Amino acid sequence: FCSYAQDTISLMAYNLLKYSTINQNRNRYLDLRKVVQETKPDILMVCELLETSAAQFLLDSAVNAAGIGTYSRAAVF
């Protein structure tokens, strides 16, 4: 008897275009929040994040604030 586990996950890649919490376009996190609310990805990957503090800010203010609250972040490279 042989059995295989099967599941489906959704991945989303999002380009933040040089996102920083200190620049004047900081409010762009609202766009990310809207996208996450609509798509509800299992894994969200972002690129062009300029600082580590911005990663935590986006996690708290955009991703987990979208009504999901279950995301955590990986190390920033």
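The values are calculated or read from the model by the stated rules, or taken from the named source; none is laboratory data. Because the structure is predicted, anything quoted here is derived from the model rather than measured. In this analysis, Cβ positions are derived from the backbone assuming ideal geometry, glycine residues included, and neighbour counts consider all displayed protein chains. Surface areas here come from the heavy atoms of the whole protein model, side chains and all, with no ligands, DNA or RNA. Shrake-Rupley method; radii C 1.70, N 1.55, O 1.52, S 1.80 Å.
Details
- Note on segment 1-42: dipole from Cβ charges, positive end direction compared against Leu17, Thr39, Ala5; the farthest Cα belongs to Leu17.
- The fraction of accessible area contributed by carbon and sulfur in the chain is 53 percent, rounded to a whole number (1.4 Å probe; ligands and nucleic acids excluded).
- Relative contact order [Cα under 8 Å, 6+ residues apart], the chain, whole percent: 36
- Over the chain, accessible surface divided per residue gives 75 Å², non-protein components excluded, 1.4 Å probe.
- Where labels lie 7 Å past Cα in the beta-carbon direction, separation of Cys47 and Lys34 in nm: 2.4
- A simple rule links phi to the HN-Hα coupling: the Karplus curve 6.51 cos²θ - 1.76 cosθ + 1.60 with θ = phi - 60°, which for segment 28-36 gives 5, 5, 5, 5, 4, 4, 4, 5, 5 Hz, with x for Gly and Pro.
- For Thr21, residues with placed amide H under 5 Å, excluding near neighbours: Ala54
- Positive minus negative residues near Leu30 (Lys, Arg vs Asp, Glu; Cβ under 14 Å): +1
- For Rg/Rh (Cα atoms, Kirkwood Rh), calculated from these coordinates, the label among [x] 1.06; [y] 0.99; [z] 1.08: [z]
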